[in-house]
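Enquirer: Quick one: the structure is below, and I'll ask about it shortly.
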Amino acid sequence: MDSFLAWWDSVEEWLTGLSFVPQLLVTLAVVVPVAIGIALILNVLVEAVMNVFDRRRFADDDGKGL
């Protein structure tokens, strides 16, 4: 864990040493893909939970459930 924290400290020091525009570009290059990945994972989890609680699944097959 100490080696990871030391690496993270060096990344933070490098990033804060950059000017604003490179900081912004590097941050966007990391934050946007991570945010998209988290959104996709949450989407899959919500769909799985909604499939468990889907009331239409328990409706009669006569077509009146919709």
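The values are calculated or read from the model by the stated rules, or taken from the named source; none is laboratory data. Please read all numbers here as calculations on a predicted model, not as lab measurements. For the accessible areas, the whole protein counts, side chains as well, though only heavy atoms, and no ligand, DNA or RNA atoms are used. Shrake-Rupley method; radii C 1.70, N 1.55, O 1.52, S 1.80 Å.
Enquirer: Does A35 count as among the small types (G, A, S), modelled with pLDDT under 95 and in a helix (DSSP H, G or I)? Break it down into steps so the answer makes sense when it comes.
Expert: Numbers: among the small types (G, A, S): yes; modelled with pLDDT under 95: no; in a helix (DSSP H, G or I): yes.
Judged against the criteria, A35 is not a match.
Rundown of residues vs (1) of a type in the set (A, V, I, L, M, F, W, C); (2) open to solvent by 80 Å² or more (accessible area, probe 1.4 Å), yes/no style:
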{"residue": "E12", "(1), (2)": "no, yes"}
{"residue": "G17", "(1), (2)": "no, no"}
{"residue": "L25", "(1), (2)": "yes, yes"}
{"residue": "L28", "(1), (2)": "yes, yes"}
{"residue": "A35", "(1), (2)": "yes, no"}
{"residue": "I38", "(1), (2)": "yes, yes"}
{"residue": "L45", "(1), (2)": "yes, yes"}
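Enquirer: Please work out which residue is modelled with the lowest pLDDT, limiting yourself to the range 38-66 and to residues that are among the basic types (K, R) and not in a loop (DSSP other than H, G, I, E, B).
Expert: Start the filter on the range 38-66 by keeping residues that are among the basic types (K, R), which leaves 55-57, 64.
Restricting the remaining residues to those that are not in a loop (DSSP other than H, G, I, E, B) gives 55-57.
Details: R55: 69, R56: 68, R57: 64.
So the residue we want is R57.
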